[in-house]
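Report on one structure; see the data block that follows.
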Number of protein chains: 2
Amino acid sequence: MALTQTAETRYTKPVLVAVNKPFDDEDGLKALRSHPLFSELDGKDLQHLIQQSRRIRLGHHQLLYRQDMPAHHFFFVISGRLRLYRLDSSGIDRTLDSIAPGDCFAEVMIYADPPRYACYAEALKSSEVLMIPVKAYQDMLESNPKYAQAALRHYAKRAVSRFHDLEIMTVQNARDRLIRYLIDLLPNGAEEGGEVELPLPKCLVASRLAMQPETFSRILADLKSNGLVRVNRSRLFISDPQRLIEISQ
Amino acid sequence: MALTQTAETRYTKPVLVAVNKPFDDEDGLKALRSHPLFSELDGKDLQHLIQQSRRIRLGHHQLLYRQDMPAHHFFFVISGRLRLYRLDSSGIDRTLDSIAPGDCFAEVMIYADPPRYACYAEALKSSEVLMIPVKAYQDMLESNPKYAQAALRHYAKRAVSRFHDLEIMTVQNARDRLIRYLIDLLPNGAEEGGEVELPLPKCLVASRLAMQPETFSRILADLKSNGLVRVNRSRLFISDPQRLIEISQ
DNA sequence: GGGAGTAATTGACCTAACTCAAAGTGTTCT
DNA sequence: AGAACACTTTGAGTTAGGTCAATTACTCCC
């Protein structure tokens, strides 16, 4: 059974109407081309896709789309950062993901039926995204079946991350959940320690990990006082990941 | 950073070696054909795929594959029921999913690189599965690009379910998590109430919902005493889903 | 059918984490 | 620069839910 959505009060800012602007800067193009969904496309096809897309600028906290809105586009982040979240019937805001430059989002909706956004998307700071018409991408896939392989790989990867999320979220205590989250944030091969940047403000990381901001703060303070992490704003330095893992056991 | 796997003590039963047996019964074939990954295949291709596959019988609690094992096959459930789980470094068992007849699993690994199982899979009761070689399916997709569309739709759907899981798991109290879980189990359109069969033994549902079996039991007892559900073994009758949702708010 | 083993329930106790409140620290806007 | 606002931290009190222990109910075998 599906839950019905009733809360819709807190967001007064309107959904953005596109600001037209060409997408032609070198860096942006390079980033786009290095994304698995686009890297296989040959120059002509990519160009055509970009021509049909629009570049959008979002202000801090600006809403890009709403949950359950018909989904005619998916997005590629050029700059800034966004977050995906849901609102439940009592209006509680659940952060599901944060999206960094070079990432795509809402791309899974291409094949939903009917295509509706599964969550809200808002900018965490001023950001630019490329708004790509679902139909344009779909048409291209159909006329160039070889592209489908890359898309399949991409989607399969997404599907796998479900296991990962579930593994963290079935951890029953807040401290260990947070530790697991931090470990996952460490770049691969950083067994000797490393720095991690929280992809969300602390209060939203807390929400993502199903705990209160106060709990998050206290756990971090505790790890800090035990010399397990050093904290500088949203940057955390983890000197001994192995010890952290042992503690979380 | 990836966590290293150290616990591997509790499973003494060996990984199954295939029992060869043709897959030709009408019901099984019909079920297979109605799965989105196979429904588009024309008869010849499907037949060929089946010929390359093997039918496997699993006993109660028998392990089908282990996490991190190289994944050369994916599976279709003919009968019985399986569960997917992970073991963390302290040996705690986290149930991630249960698989019913007519479902596929490990199919996302087709495109993983390197292809390794992301979790353990074991039979919850005596079961039969069809073991399909990844390569056979992949070859078929490549030689018949039209099939890729169906596969894409399937994978996209899987990816969407991540949001759903996260939405439940970010609910901060056990009672509401359980209620959400039950509501999701209700067939679509059962606003007037209906019966739900727990897809897992209660203690594993509890694990899936990040709570203790005792907590699960107490919450259910409480809902029962408030007339919100009637419980008969693993079958729950929910008379007034709307009221349940209101309570969980 | 009886015994072993597993799953579920119930009770008592205790602690992790929530709630509310207030103060501190940044950040943005004018 | 200063006001307004959002985010973070800290403290105190409370409670949801975890832990441990004991009982009951199933299930599977022999």
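The values are calculated or read from the model by the stated rules, or taken from the named source; none is laboratory data. The structure presented is a predicted model; accordingly, all values stated were derived computationally and were not measured. Neighbour counts are summed over all protein chains in view; Cβ atoms, including those assigned to glycine, are modelled from backbone coordinates with ideal geometry. Accessible surface areas use protein heavy atoms only, side chains included; no ligands, DNA or RNA. Shrake-Rupley method; radii C 1.70, N 1.55, O 1.52, S 1.80 Å.
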Looking only at Cα atoms, what is the convex hull volume of the range A:26-166 per residue, in Å³? 112
For B:Lys30, list the aspartates and glutamates whose Cα falls under 14 Å from its own Cα; do not include residues on the same chain fewer than 8 positions away. B:Glu40, B:Asp42, B:Asp103
Residues along the range A:223-249 losing 30 Å² or more of accessible surface when the other protein chains are present rather than the chain by itself (probe 1.4 Å): A:Ile245, A:Gln249
Compute the distribution of all C-alpha to C-alpha distances in the range A:173-248, in bins of 5 Å from 0, and list the percent of pairs in each, rounded to whole numbers. 3, 17, 31, 30, 15, 3, 0
Work out the length of the dipole vector of the protein assembly as shown about its Cα centre, built from +1 on the beta-carbon of each Lys and Arg and -1 on the beta-carbon of each Asp and Glu, and round it to the nearest 20 debye. 720
Roughly how many Å is it from the Cα centre of the range A:190-215 to that of the range B:215-249, as a whole number? 34
Please compute the alpha carbon radius of gyration of the protein assembly as shown, then divide it by the globular-protein estimate 2.2 N^0.38 Å. Two decimals is fine. 1.00
Relative contact order, percent, chain A [alpha-carbon distance under 8 Å, six or more residues apart]: 18
Computed magnitude of the charge dipole of the range B:53-132 (debye, nearest 20; Cβ of K, R +1, Cβ of D, E -1): 280
In chain A, helical segments from DSSP H whose Cα atoms cover 15 Å or more along their own axis and that average at least -0.5 on the Kyte-Doolittle scale are A:147-169, A:174-185, A:213-225
Please report, in debye to the nearest 20, how large the charge dipole of chain A is about its Cα centre when each Lys and Arg carries +1 at its beta carbon and each Asp and Glu carries -1 there. 580
Taking H placed 1.01 Å from N in the peptide plane, check which residues at least 5 places from A:Leu228 or on another chain put their amide H under 5 Å from its amide H. none
Could you work out the mean count of beta carbons from other protein chains within 10 Å of each residue's beta carbon in B:147-155? 6
Enter the buried accessible area of the A/B pair, total of both sides, probe 1.4 Å, in Å² rounded to the nearest 100. 5500
Here the net charge surrounding A:Ala112, from other residues whose Cβ is less than 10 Å away from its Cβ (Lys, Arg +1; Asp, Glu -1), is +2
Sorted on mean Cβ neighbours within 10 Å (highest first), peptides B:131-138, A:222-229 come out as B:131-138, A:222-229
Between the residues A:Ser217, B:Ala106, B:Leu166, the Cα farthest towards the positive end of the dipole of the protein assembly as shown, that dipole coming from +1 and -1 charges on the beta-carbon of Lys, Arg, Asp and Glu, is from A:Ser217
Are any of the pairs B:Lys125/B:Lys157; A:Lys146/B:Lys157; A:Lys202/B:Lys157 more than 23 Å apart by Cα-Cα distance, and if so, which? B:Lys125/B:Lys157; A:Lys202/B:Lys157
For the protein assembly as shown, which whole-number percentage of the solvent-accessible area (1.4 Å probe, protein heavy atoms only) is attributable to carbon and sulfur atoms? 49
Long-range amide H partners of A:Arg81, meaning residues 5 or more apart or on another chain whose placed amide H is closer than 5 Å, are A:Leu124, A:Lys125
P(r) of the range B:91-137 over all Cα-Cα pairs, 10 Å bins starting at 0, rounded to whole percent, reads 20, 52, 27, 2
Cβ-defined net charge surrounding B:Tyr155, 9 Å radius [Lys, Arg +1; Asp, Glu -1]: +3
Want the number for A:Ser126 to A:Asn232: 0.36 nm per residue separation, take away the alpha-carbon distance, what's left? 35.9 nm
Just to check, using Stokes-Einstein with a Kirkwood Rh over alpha carbon pairs, what's the diffusion coefficient of chain A at 10 °C and 1.306 mPa s in µm²/s? 80
Both in Å, the radius of gyration and Dmax of the C-alpha trace of the range A:81-229 are 18.0, 59
Working with all protein chains in place, sort B:His61, B:His72 by solvent-accessible area computed with a 1.4 Å probe, largest first. B:His72, B:His61
